[in-house]
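Peer 1: Dropping a structure here in structure tokens format, bear with me for questions.
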Amino acid sequence: MIALVKTSMKLLLRMKAFWFFLFLTPLLSTIILKNKFDSSAAYMEKETGKVIELKNEDDKVAYNGGNGEYLIKVYDAAGTDMSEGLLKNLANSGLYLVARIDMTGAGGNAFTDEFLDKHMERDGFEDRMGVAIYLYPGFSEGSSAEELAKNIKVYELSSDERSKLLKSDIEFYINNAASLGTDYIKVLDDIYSDKKVVSIAGSSGRNLTAEQVNHKTQLGYAFAFMTLGFVFCGIFVAHTAIREQKNGVYLRLSLTGASALKYFMSKFISVLFISILSTTVMGIFTFIISEDDLGMNRFLFLLMIFMLGLIFGSVSLFLGIILGDVMSANVAAFSVWCFSALLSGLYFPLNDSSNFIKVLSSLMPQKWFLDCAEMIFTHDNKAFGVIICITVAYLAVIVSLGGLGLKLRRNEEWGNS
């Protein structure tokens, strides 16, 4: 086995492409970790009970949704306590997401026929919302429910059944506002001021600060580049195995009594050395970054990089041995890297994705390493153990399948001969 490892390492060190990936991907990862950027907005939960203020009537409300919210676009030409009370009441119900455009500056001519035709068409075809509400200047001047109702127009722009509930809520508000006036608004303010905000943890069960979210995002991008380097370094090890299979080296080794698992383990040890080498290079580069920029202890960061390297290098080796062709192995390894990075949430959060996507995400090793990073950020002492367990679990499966794949290919070769 030692001779096999030495031979594989000698072949690898002669490859220019191997040195290219060995230094390029750690360098790119370090640059990403060094540069600061704010990505917390992508992970922030939307506030309930808050009316979203749009800059002008051409702004689209669809950009404020994303998780099936019932969107309401309000053109408010009244701008009084009565209209404010209505919108806050709808927003505080937790059933709607309310976005308002302040139209008070237009006065009584706010909603001309031309204006209504233009925006009804734009809202209906170029935006996504449940209803558009127009509050006329006289909305607060009526003394009865009928007079108030005349100065509010609700236009359904979707077939959502929640439109019926919204109309019922508006009618309830108008009836109470007509009978109680400003007293009703005070009652609503008292009710909602007594409400307590309860923080609900995300899918990971941990709440992160904006700074920690930024660290997590930077780690995700760094992991993406580092795993690309490990994937191709593992492919280069697979190239040596493919050549040995085609040149009959593996067949001769089998005749000497070497098992398929022993042969695969010799290649796996080569991947192990490559992971150590890549992690060392990454460690040298990261000395220009403080631990505050990393958001965690440097040792734990390099440990995660090393473990990811073992997993993805082994995956590439496994794919190369199973496929038995250099070009097919390259394409397969690159595809695995692309899809795993997308599905694991390295580039963007998957909190609002479907349950099927979340199940697929849980199969990706990067997702678990990001969760471990969250644990480290929140000083969870179980992070080290989770990293070890996840790595051992993936490697056990890969090594077992690799040994089985080699055995099947050997039987196939013997059958053909």
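The values are calculated or read from the model by the stated rules, or taken from the named source; none is laboratory data. Keep in mind it's a predicted model, so treat the numbers as computed, not measured. When we count neighbours, we look across all protein chains shown, and the Cβ atoms used for this are built from the backbone with ideal geometry, even at glycine. Each accessible area value is taken on the protein alone, full model and side chains, heavy atoms only, with ligands, DNA and RNA left out. Shrake-Rupley method; radii C 1.70, N 1.55, O 1.52, S 1.80 Å.
Peer 1: Collect the residues in the stretch 105-135 that are surrounded by 15 or more Cβ atoms within 10 Å (Cβ to Cβ) and more than 15 Å from V61 (Cβ to Cβ), keeping them in residue-number order.
Peer 2: Hits for the stretch 105-135 are A106, A110, F111, F115, L116, L135.
Peer 1: Just to be sure before I move on: is C338 under 30 Å from A238 (Cα atoms), without any contact (Cβ under 8 Å) to a residue 60 or more places away in the chain, open to solvent by less than 50 Å² (accessible area, probe 1.4 Å) and assigned to a helix (DSSP H, G or I) in the structure I sent?
Peer 2: Details: under 30 Å from A238 (Cα atoms): yes; without any contact (Cβ under 8 Å) to a residue 60 or more places away in the chain: yes; open to solvent by less than 50 Å² (accessible area, probe 1.4 Å): yes; assigned to a helix (DSSP H, G or I): yes.
Yes; evaluated as a whole, the condition is true for this residue.
Peer 1: Condition first: free of Cβ contacts under 8 Å to residues at least 40 places away in the same chain, open to solvent by 40 Å² or more (accessible area, probe 1.4 Å) and farther than 30 Å from L33 by Cα. Can you find one or more residues in the stretch 385-398 that meet it?
Peer 2: For the stretch 385-398, residues free of Cβ contacts under 8 Å to residues at least 40 places away in the same chain, open to solvent by 40 Å² or more (accessible area, probe 1.4 Å) and farther than 30 Å from L33 by Cα: present.
Peer 1: Just to be sure before I move on: is L350 free of Cβ contacts under 8 Å to residues at least 60 places away in the same chain, farther than 13 Å from I235 by Cβ and surrounded by 17 or more Cβ atoms within 10 Å (Cβ to Cβ) in the structure I sent? Before you say what the answer is, go through the steps one by one.
Peer 2: Numbers: free of Cβ contacts under 8 Å to residues at least 60 places away in the same chain: yes; farther than 13 Å from I235 by Cβ: yes; surrounded by 17 or more Cβ atoms within 10 Å (Cβ to Cβ): yes.
So L350 passes the test.
Peer 1: What is the one condition in (1) under 24 Å from W368 (Cβ atoms); (2) in contact (Cβ under 8 Å) with a residue 24 or more places away in the chain that T280 does not satisfy?
Peer 2: The number of the failed condition is (2).
Peer 1: Also, quick follow-up: Can you pull out every residue in the stretch 311-337 that is modelled with pLDDT of 85 or more and β-branched (V, I, T)?
Peer 2: Once the filter is applied, which keeps residues that are modelled with pLDDT of 85 or more and β-branched (V, I, T), the stretch 311-337 yields I311, V315, V331, V336.
Peer 1: Failed condition for D380, given (1) outside any helix (DSSP H, G or I); (2) at pLDDT 85 or above, with all others met?
Peer 2: (2)
Peer 1: Sticking with this structure for a sec: Can you tell me how many residues within the stretch 34-59 are at pLDDT 70 or above, closer than 30 Å to Q218 by Cβ and either touching a Ser or Thr at 6+ places or on another chain (Cβ under 7 Å) or surrounded by fewer than 18 Cβ atoms within 10 Å (Cβ to Cβ) (or both)? Let's see the steps before the verdict.
Peer 2: Here is the first cut: in the stretch 34-59, the ones at pLDDT 70 or above are 34-36, 50-59.
Pick out the ones that are also closer than 30 Å to Q218 by Cβ and you get 34-36, 50, 52.
In the following step, the residues that additionally are either touching a Ser or Thr at 6+ places or on another chain (Cβ under 7 Å) or surrounded by fewer than 18 Cβ atoms within 10 Å (Cβ to Cβ) (or both) were identified as 34-36, 50.
Looking only at that region, the number is 4.
Peer 1: So if I check each of S259, S199, which one is modelled with pLDDT under 85 and over 23 Å from L401 (Cβ atoms)? Please lay out each step first, then the result.
Peer 2: Numbers: S259 fails: over 23 Å from L401 (Cβ atoms).
Sole residue among the options that is modelled with pLDDT under 85 and over 23 Å from L401 (Cβ atoms): S199.
Peer 1: Tell me, yes or no, whether the stretch 137-148 has at least one residue that is under 37 Å from the mean Cα position of the chain (by Cα), open to solvent by less than 60 Å² (accessible area, probe 1.4 Å) and over 23 Å from A106 (Cα atoms).
Peer 2: Here is the first cut: in the stretch 137-148, the residues under 37 Å from the mean Cα position of the chain (by Cα) are none.
Scanning the stretch 137-148 turns up no residue that is under 37 Å from the mean Cα position of the chain (by Cα), open to solvent by less than 60 Å² (accessible area, probe 1.4 Å) and over 23 Å from A106 (Cα atoms).
Peer 1: Residues of the stretch 84-110 being without any contact (Cβ under 8 Å) to a residue 40 or more places away in the chain and hydrophobic (A, V, I, L, M, F, W, C), which ones?
Peer 2: Those that are without any contact (Cβ under 8 Å) to a residue 40 or more places away in the chain and hydrophobic (A, V, I, L, M, F, W, C): L87, A106, A110.
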